[in-house]
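Structure first, then comments.
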Amino acid sequence: MLNRLLAADPRSPLLGAARSLVAAAQLLTLMSTSDTGLFPGLDGAPDGPLCTGLRATSLWCLGFDPVIPRWTAIVVLLAVASGYRPKWTCVPHWYVAFSFTAALIAPNGGEHISKILALLLIPMLLGDDRRWHWTQPRTPMSPRWHGAAVASHLAIRAQVAYVYGSAVWFKLREPEWRSRDAMHYAMQDAYFGATPAIAELIDGVGPVLTWGTIAAEAFLAVSAFCGLRIRRWAVLVGAALHAGILVVLGLVGFGLVMVGLLLASASRSSSPADP
């Protein structure tokens, strides 16, 4: 089993789809939200990105006209989403993801996961000689880069286990989830809650959805330790879970990022060039 794990090549079109989804999530945010909406002033502070400490290295904090970081990020993310030359775009992608998260006053979980995933992909992609990330590799990676890619892929799987395992743990600690009423309260939230029509439609099956969410997230956490077939089933389960969250709560970008993370975890080349 260890030899099979070490021989695997995680480069595949699934990895490309993962990168494109993560880039698309950030593109949607940038192209649909003004700078004032992205960087609102809190507690009387002026509007603008947060640029203290390490955050000062963010693209938004380098002193350029605000339009420059926005369009620089959009160009980089479009290149990543297109799939062209992953070797060249992986580091700029991470820097844009880091910059965006660092400059935001209140980044959400999807933005943090985007930043970490983009970082973990760098060791995998620096040795990737494919022109497009949608294709199967035609040549094996060098031993040095292959070892880095396998370690990076294992770290991505560990991220899946941590993210979904933590979600299950924190839900089970809350009495609303144990009493099966959590979905009812979530749909009443003033900011993220569902529309009255959807809330009325779903409220009757709220207990089923509450425990169904916990069961799905537990499966996704465990799937990270399983074989390729189970991890690919996890992509379907995760897509269904986050599609439901999207319909009920409208978290589009978060859903795209999480499905991208699961795709990256399930990626493995089927090319004859595998070592």
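Bear in mind these aren't lab numbers, they're just calculated from the coordinates by the rules spelled out. In this text the structure is predicted, and so the values were computed from the model without any measurement. With ideal geometry, Cβ positions are generated from the backbone for all residues, glycine too; neighbour counts draw on all protein chains shown.
Show me 116-125, 222-231, 16-25 ranked by packing, highest mean number of other Cβ atoms within 10 Å first. Provide the component values of the computation, followed by the final result.
Working: 116-125: 22.0, 222-231: 16.0, 16-25: 23.9.
Top to bottom by mean Cβ count within 10 Å: 16-25, 116-125, 222-231.
Here the Karplus relation 6.51 cos²θ - 1.76 cosθ + 1.60, evaluated at θ = phi - 60°, turns the backbone of the range 78-94 into coupling constants of 5, 5, 5, 4, 5, x, 6, 6, x, 4, 8, 9, 5, 6, x, 4, 4 Hz, with x for every Gly and Pro. Each residue of the range 239-244 was assigned a 3J(HN,Hα) from its phi angle through the Karplus curve 6.51 cos²θ - 1.76 cosθ + 1.60 (θ = phi - 60°); the sequence is 5, 5, 4, 6, 5, x Hz, with glycine and proline shown as x.
Phi-derived couplings, Karplus 6.51 cos²θ - 1.76 cosθ + 1.60 at θ = phi - 60°, listed residue by residue for the range 54-65: 5, 4, 5, 7, 4, 3, 7, 10, 8, x, 7, 4 Hz, with x used for Gly and Pro.
Mind ordering 64-70, 164-170, 149-155 by average Cβ neighbours within 10 Å, highest first?
On the way: 64-70: 13.6, 164-170: 16.3, 149-155: 18.7.
So the order, starting with the most tightly packed, is 149-155, 164-170, 64-70.
Annotation: peptides 52-59, 238-245, ranked by per-residue average of other Cβ atoms within 10 Å with the highest first, follow the order 238-245, 52-59.
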